[in-house]
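First up is the structure itself, then whatever we jot down about it.
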Amino acid sequence: MASDASSSSSRSRRLLVPLAVMGAAAAIAVGSGASFTSTTSSAPNVVTAGAFSQTNTAEGSAIFTLDAAMPGDTTTGTATVTNTGDFAGEFTLVESDDTTTFPAGTLDLVVTDTTDSASPVEVYNGDLGGLESQTLGTIAPEESRTYTFDVTFDEAAGNDAQGAQASAAYTWNAVQTS
């Protein structure tokens, strides 16, 4: 019976040794990274907000001046507005900080869009100090428009206009449309 136990143990070893060797080999193969892998990636993705801005050639300066005016005198000034932003905008012209001691109807302001000199478009015609807000339309990115301001001291002004003074500032406002 001792030889049966010895023979059974020997058979078990013969069976266990190859199984252990195969298990170790499998563990080494899996643990060694023998499988293929692959990855891809995109370039960095960027989101940038656009800008909406404008410039005008009269920024910080007077568009026109008329000193020591006599009845019948006229002065002219121009300002070019450019949409420097990334979007079209709806533009308006607003007169502000206006003060006048001229009698009504004696100091006339005419604002004209003279971008196309062959087809000027009158934007405003009335008393200096009377322009509240005037729609100028849509201006596309990088588009410019030129506005001419003509101020005339009425020829028929009487003595009550002597020493009168007037001033006004002009602001272009814009709201993005696209």
Residue in the stretch 83-108 that is surrounded by the fewest Cβ atoms within 10 Å (Cβ to Cβ), counting only those that are closer than 22 Å to MET70 by Cβ and among the small types (Gly, Ala, Ser): ALA104
Inter-residue pairs, beta-carbon under 7 Å, first assigned by TED's automatic domain parsing to the domain that holds THR138 and more than 30 Å from PHE52 (Cα to Cα) and in the stretch 90-104, second surrounded by 13 or more Cβ atoms within 10 Å (Cβ to Cβ) and acidic (Asp, Glu), 6+ apart: ALA104/ASP127
Failed item in (1) under 22 Å from the mean Cα position of the chain (by Cα); (2) more than 26 Å from ALA49 (Cβ to Cβ), with GLU155 passing the rest: (1)
The listed residue being out of contact with any strand residue (DSSP E or B) (no Cβ under 6 Å at 6 or more places or on another chain) and in the same structural domain as ASN83 (by TED's automatic domain parsing), out of ALA168, ALA164: ALA164
Residue check, SER178 at pLDDT 95 or above and in a loop (DSSP other than H, G, I, E, B): no
Selection within the stretch 54-64 - small (Gly, Ala, Ser) and exposed (fewer than 14 other Cβ atoms within 10 Å of the Cβ): GLY60, SER61, ALA62
All positions within the stretch 109-128 that are out of contact with any Leu (no Cβ under 8 Å at 6 or more places or on another chain), surrounded by 13 or more Cβ atoms within 10 Å (Cβ to Cβ) and either free of Cβ contacts under 8 Å to residues at least 24 places away in the same chain or not in a strand (DSSP E or B) (or both): THR114, THR115, PRO120, VAL121
Of all residues in the stretch 65-82 being under 15 Å from SER167 (Cβ atoms) and touching an Asp or Glu at 6+ places or on another chain (Cβ under 8 Å), the one that is surrounded by the fewest Cβ atoms within 10 Å (Cβ to Cβ): THR75
Residue match in the stretch 57-74 (condition: modelled with pLDDT of 90 or more, outside any loop (DSSP other than H, G, I, E, B), touching a Phe, Trp or Tyr at 6+ places or on another chain (Cβ under 7 Å) and within 21 Å of ALA169 (Cβ to Cβ)): no
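The values are calculated or read from the model by the stated rules, or taken from the named source; none is laboratory data. Model, not experiment: these values are computed from the prediction. Neighbour counts are summed over all protein chains in view; Cβ atoms, including those assigned to glycine, are modelled from backbone coordinates with ideal geometry.
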